[in-house]
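Some notes on the structure that comes next.
The values are calculated or read from the model by the stated rules, or taken from the named source; none is laboratory data. These numbers come from a predicted model, not from an experiment. Don't worry about glycine lacking a Cβ; one is built from the backbone with ideal geometry, like all the others, and counts go over all protein chains shown. Just so you know, the surface numbers come from the protein's heavy atoms only, side chains and all, with ligands and any DNA or RNA stripped out. Shrake-Rupley method; radii C 1.70, N 1.55, O 1.52, S 1.80 Å.
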Amino acid sequence: MRCKSKSAALGAVATTMLATALWAQEPGGAGAPWRGAGARPCFGSDGGSFQCRPAPGVTALRAGRLLDSRSGELRTNQIVLIAGERITEVGAEAQVRIPADARVIDLGDATILPGLIDAHTHMFNYPKPGMSRETSTLIAIHNLQADLRAGFTAARDMSSHGNGYADIDIRNAINEGRIDGPRFQVAGRGIAWGGATPAVTPTNPLAGMRIHAEDDARAAVREHVERGVDWIKLYPGGAYAFLASGEAKYVMTYPLPVLQALIDEAHRLGRKTACHVLGGEGQKNAIVAGCDTVEHAFDLNQEHADLMAAKGLAYDPTLVRYTEPYMDDNDNKNTGGKYRMIPIFEKAVAMAAATKGLKVMIGSGVDGSTFPHGTQAL
């Protein structure tokens, strides 16, 4: 085919040359010169290229007020110096010297405070029937970035809610610089009790892992560690119900030897464990077995709190998540309005906060279903 003009011919040649150049741009070895356009890119775990993060420089934040979270004081006219991802100096404007090449951000009269940490989140929602993994992951990214914008610079995600090990993929993408997000620790599928007899029907490979004996328990922990989780999420206790007398009863799941095998294997492999319990025997077992963080624990008593303090365990009540109105709605429906869990839980948390030596973590339990990510600090 003949070209209609000289410019069209040159355009065709240029297009061919560009296509050939792009086709030839193989990354080569670590020391190979970059032959593509612009600066040498970074390469992800999939081998694909992306723009590297800018080289870390020095940033100075100028703020009218700054909350000193250690002393509780509100300081005025403060400077915060940041080199890369590290705060290097904080002090009064008259005392801190700002380097000449620093990027200065003047926040005026705004108040700044240290980045918040949410010690118990769920970025993933349970997928609805027919929902793709891609949709679930996009929702999770939206949730974690809403938390980041709300000031949460670190988050601990306590299982992927039926999305397999996709939380690991998100954490890795943040660490590689592909997406913005908080410093992110994840727990994968989580490990639940499936009863002493294995199920006949195949299990969902994306749902929580089901175990039936001590050997299963150790193997499940090993799989999670091999996949790269930061935490091992366990479920020593299940739901609660009120008896006619008003006493609350709680479901226990793993037998104590199975729970001990889970925790011991996790510790052997250098991982810590987080135990979902609401109360009762499962709560006691989690403490006796040495679960590193005890989550929720509605009916924590003084004996258990003292034992946790003595063993160096931490309590993460997730008070926000379990004092929402739906808790009263469920209790009213199930007990005819006679009994409520919220005051029992509030009493346990107040007791724990007053227990000498007990480490109390602040996790919201935010999961995007009952209240939205990014609002938990309110």
### Query
What do you reckon, is Arg103 over 25 Å from Arg156 (Cα atoms), basic (Lys, Arg), in contact (Cβ under 8 Å) with a residue 40 or more places away in the chain and open to solvent by 90 Å² or more (accessible area, probe 1.4 Å)?
yes
### Task
Could you please tell me which pairs satisfy a Cβ distance under 7 Å, a separation of 6+ or placement on different chains, a first residue in the range 318-338 that is more than 17 Å from Asp367 (Cβ to Cβ), and a second residue that is modelled with pLDDT under 95 and in a helix (DSSP H, G or I)?
none
### Query
Which strands (runs of 3 or more DSSP E) sit wholly inside the range 264-378 and have at least 3 residues that are out of contact with any Ser or Thr (no Cβ under 7 Å at 6 or more places or on another chain) and buried (at least 18 other Cβ atoms within 10 Å of the Cβ)?
272-277
### Summary
Within the range 174-198, residues within 19 Å of His224 (Cβ to Cβ) and among the small types (Gly, Ala, Ser) come out as Ala187, Gly188, Gly190, Ala192, Gly194
#### Entry: Among the candidates Pro182, Pro114, residue that is modelled with pLDDT under 95 and of a type outside the set (Val, Ile, Thr)
Pro114
### Message
Exactly one of these conditions fails for Gly228: (1) more than 18 Å from Ala274 (Cα to Cα); (2) surrounded by fewer than 16 Cβ atoms within 10 Å (Cβ to Cβ). Give me its number.
### Response
(1)
### Message
Quick check on my filter: what residues within the range 265-288 are touching a His at 6+ places or on another chain (Cβ under 9 Å), more than 23 Å from Val229 (Cβ to Cβ) and touching a residue at least 40 places away in the same chain (Cβ under 8 Å)?
### Response
Leu278, Gly279, Gln283
#### Entry: Options Ala83, Ala55, Ala63: the member that is under 30 Å from Arg35 (Cα atoms), out of contact with any helix residue (DSSP H, G or I) (no Cβ under 8 Å at 6 or more places or on another chain) and hydrophobic (A, V, I, L, M, F, W, C)
Ala55
### Message
Suppose we filter the range 164-223 for residues that are without any contact (Cβ under 8 Å) to a residue 60 or more places away in the chain, within 17 Å of Lys272 (Cα to Cα) and hydrophobic (A, V, I, L, M, F, W, C); how many remain?
### Response
6
## Note on the structure
Across the range 151-205, the tally of residues that are crowded, with 18+ Cβ neighbours inside 10 Å, more than 14 Å from the chain's Cα centre (by Cα) and of a type in the set (Val, Ile, Thr) stands at 1
### Query
Just a yes or no: is a residue in the range 253-262 open to solvent by less than 20 Å² (accessible area, probe 1.4 Å), farther than 27 Å from Met351 by Cα, in contact with a Lys or Arg (Cβ under 8 Å, 6 or more places away or on another chain) and touching a residue at least 60 places away in the same chain (Cβ under 8 Å)?
yes
### Query
What are the pairs, 6+ residues apart or on separate chains, where a residue within the range 68-82 that is touching a residue at least 60 places away in the same chain (Cβ under 8 Å) and open to solvent by 60 Å² or more (accessible area, probe 1.4 Å) has its Cβ under 7 Å from a residue that is assigned to a strand (DSSP E or B) and of a type in the set (Phe, Trp, Tyr)?
none
### Query
If a residue has to be in a helix (DSSP H, G or I) and surrounded by fewer than 13 Cβ atoms within 10 Å (Cβ to Cβ) to count, how many in the range 106-134 make the cut?
1
